[in-house]
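This report refers to the structure that appears directly beneath it.
Any read-out appearing in this document is the output of simple, stated calculations on the displayed coordinates, not a laboratory observation. This is a predicted model, so every value here is computed, not measured. For neighbour counting, all protein chains shown are included, and Cβ atoms are generated from backbone atoms with ideal geometry for every residue, glycine included.
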Amino acid sequence: MEIENAAERDMYNILSYITETLKEPASALRLYTSIKEQIVKLSTMPERNSIVDDQPYASIGVRRLFIENYVLFYVIDEPVLTVHIIRVLYNRREWHSLLGELNERRAK
């Protein structure tokens, strides 16, 4: 299991926003716990979530997992069976532009 830097930043920003701006530390803790639990489950059944329909992300195997109001995007490195968590985004955000550089990076 690898959590990429962008996903780490996403989680930090989400939890900081909920704690500091919304003044809901209990909600932030609950979301953090939920995200961590789902990440653990991914390590045993990463293929349980479908590949996104949108190209070019479908062709490189980007999958998504909905967690409350957020979406965790990940790919499975099949040869070594490693899950790479690439982003965690608010589910109403336009995610295509936020994953834009992913296709270029994975193609190298």
Residues (surrounded by 11 or more Cβ atoms within 10 Å (Cβ to Cβ) and out of contact with any Phe, Trp or Tyr (no Cβ under 9 Å at 6 or more places or on another chain)) located in segment 5-17: Ala6, Glu8, Arg9, Tyr12, Asn13, Ser16, Tyr17
Search result, residues across segment 1-12 that are in a helix (DSSP H, G or I) and either touching a residue at least 60 places away in the same chain (Cβ under 8 Å) or in contact with a strand residue (DSSP E or B) (Cβ under 7 Å, 6 or more places away or on another chain) (or both): Ala6, Ala7, Asp10, Met11
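Which members of segment 18-34 meet the condition of being touching a Ser or Thr at 6+ places or on another chain (Cβ under 9 Å), of a type in the set (A, V, I, L, M) and exposed (fewer than 15 other Cβ atoms within 10 Å of the Cβ)?
Leu29
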Near pairs, Cβ below 6 angstrom, 6+ apart or cross-chain, from segment 79-97 (under 19 Å from Ile35 (Cβ atoms)) to any residue that is part of a loop (DSSP other than H, G, I, E, B): Val83/Met1; Ile86/Glu4; Asn91/Asn69
Which listed residue, of Lys23, Lys36, is farther than 30 Å from Asp77 by Cα, free of Cβ contacts under 8 Å to residues at least 24 places away in the same chain and among the basic types (Lys, Arg): Lys23
